[in-house]
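In what follows, a single structure is set out as structure tokens and then discussed.
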């Protein structure tokens with residue numbers, strides 16, 4: 001019984017550590033080429049600016065719950081916010097009205113590949129779990145990331161860590 005309690009305790013500590021990923025620093029600038037429905041967009045073609053990138057799906061409840069917070073951050077204008085929907089555009093169009101409203105500019109909404117593992121792995125998420133959020137500095141290097149639902153507090157702390165308060 002004590003062994004089971006120890007194993008459960010270790011699992012709880014591991015899951016907590018995974019849920020609060022420490023900021024990580026990527027050595028190379030990150031980039032992608034994705035569609036916004038009208039044109040292809042690359043990170044490298046956008047003006048240098050701290051950027052929050054959020055990978056999500058409409059059938060992911062934590063992804064949907066955090067979307068209003070990301071939209072509010074985008075409206076505040078302190079950083080660029082890009083959402084990458086890892087689904088077909090028709091699935092995004094079928095998302096609830098509140099999510100459709102959140103996806104409006106200044107949020108830049110893009111669509112990723114049907115099989116997102118390669119893209120997610122490049123942005124620090126080898127497991128492919130969603131939601132996944134990455135903050136890039138002005139040189140497009142990852143300075144913070146989190147797999148799982150984010151909130152206002154995590155965003156504020158991560159942006160401060162990245163030098164953008």
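The values are calculated or read from the model by the stated rules, or taken from the named source; none is laboratory data. If you're wondering where the values come from, they're calculated on a predicted model, not measured in any experiment. Cβ coordinates were reconstructed from backbone atoms using ideal geometry, including for glycine residues, and neighbour counts include every protein chain displayed.
If a residue counts only when it is touching a strand residue (DSSP E or B) at 6+ places or on another chain (Cβ under 8 Å) and touching a residue at least 12 places away in the same chain (Cβ under 8 Å), which strands (runs of 3 or more DSSP E) contained entirely in the stretch 40-136 have at least 2 such residues?
Ranges flagged: 51-56, 80-85, 108-111, 132-136.
Here is a yes/no grid of residues against (1) modelled with pLDDT of 95 or more; (2) buried (at least 18 other Cβ atoms within 10 Å of the Cβ); (3) in contact with a helix residue (DSSP H, G or I) (Cβ under 7 Å, 6 or more places away or on another chain); (4) more than 15 Å from residue 136 (Cα to Cα):
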residue: 33; (1), (2), (3), (4): no, no, no, yes
residue: 36; (1), (2), (3), (4): no, no, no, yes
residue: 53; (1), (2), (3), (4): yes, yes, no, no
residue: 86; (1), (2), (3), (4): no, yes, no, yes
residue: 90; (1), (2), (3), (4): no, no, no, yes
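I'd like the full set of residues that are in contact with a helix residue (DSSP H, G or I) (Cβ under 7 Å, 6 or more places away or on another chain) and either within 13 Å of residue 54 (Cβ to Cβ) or in a loop (DSSP other than H, G, I, E, B) (or both), limited to the stretch 148-165.
Filtering the stretch 148-165 for residues in contact with a helix residue (DSSP H, G or I) (Cβ under 7 Å, 6 or more places away or on another chain) gives 148-152, 155, 165.
The answer is 148, 149, 150, 151, 155, 165.
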